[in-house]
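Written out below as structure tokens is the structure these notes cover.
Read the figures in this text as sums done on the coordinates, not as results from a lab. On a predicted model such as this, the values are computed, not experimentally measured, just so you know. For neighbour counting, all protein chains shown are included, and Cβ atoms are generated from backbone atoms with ideal geometry for every residue, glycine included.
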Amino acid sequence: IPASGLPTNLTSLSIEDLKMPLSCWGLHKLTSLRKLEIRGCPGALSFPEVSVRMRLPTTLTELNIARFPMLHCLSSRGFQNLTSLEYLSISECPRLKSFPWEGLPSSLQQLYVEDCPQLGANCKRYGPEWSKIAHIPCVMIDMNFIHDPPIHDPPYPVYFPLRIRQCIQ
């Protein structure tokens, strides 16, 4: 990171294999940031990091986090101000069990969870996390849409492919 910090007009940022804490990046100062991808944060226990009151830019519309092996929770304080967030992807977070206590932003349209076994199990229909995600139109957990009927149940031969196209568009 330059001594002067990152340019505040960045609209997209991808960070991989962090060597320094996320709180040092000054992400909240990136007032134009719409897309943020963070891959490989081995020491983070919470996201955004609660212990240092880390904040994310309120302008985010897309957030991707992956490879957080120690991640235990998503901070309610960190997500409550993300009122523009439409897309959230969480992958390879084996210890993550739940979404923020207060839920996810109401603006969220798409949620993808992959290789997060504990969280995925809790997201099953009417599971402990169901009430936090039931309002999201497109939710995919380990490559399965949770709002779709099971594929083996007739009479829905065309429904599943249509749902995939709706979520991808």
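Using packing as a proxy for protection, rank 86-92, 29-35 so that the peptide with the highest average count of other Cβ atoms within 10 Å comes first. Intermediate results must be reported in sequence, preceding the final value.
Working: 86-92: 18.1, 29-35: 16.6.
Order by mean packing, descending: 86-92, 29-35.
Please give the contour-minus-distance gain from SER98 to HIS28: 0.36 nm per residue of separation, less the Cα-Cα distance, rounded to one decimal in nm.
Values: separation 70, 0.36 × 70 = 25.20 nm, distance 2.39 nm.
So the extension gain works out to 22.8 nm.
How high is the relative contact order of the range 5-71, given as a whole-number percent (alpha carbon pairs under 8 Å, six or more residues apart)?
Relative contact order for the range 5-71 comes out at 37 percent.
Find the relative contact order for the range 3-147 and round it to a whole percent, using C-alpha pairs within less than 8 Å whose residues are 6+ positions apart. Display every interim value, and only then the final one.
On the way: 323 pairs, mean separation 23.7, N = 145.
Rounded, it is 16 percent for the range 3-147.
Give me the distance in nm between label points sitting 7 Å out from Cα along the Cα-to-Cβ direction at ASP115 and THR61, one decimal.
For ASP115 paired with THR61, the spin-label model returns 2.8 nm.
Please report, in debye to the nearest 20, how large the charge dipole of the range 3-147 is about its Cα centre when each Lys and Arg carries +1 at its beta carbon and each Asp and Glu carries -1 there.
Working: 14 positive and 12 negative charges, 70 e Å.
Here the size comes out at about 340 debye.
Residue separation times 0.36 nm, minus the C-alpha to C-alpha distance between LEU13 and TRP130: what's the value?
On the way: separation 117, 0.36 × 117 = 42.12 nm, distance 3.04 nm.
Answer, rounded to one decimal: 39.1 nm.
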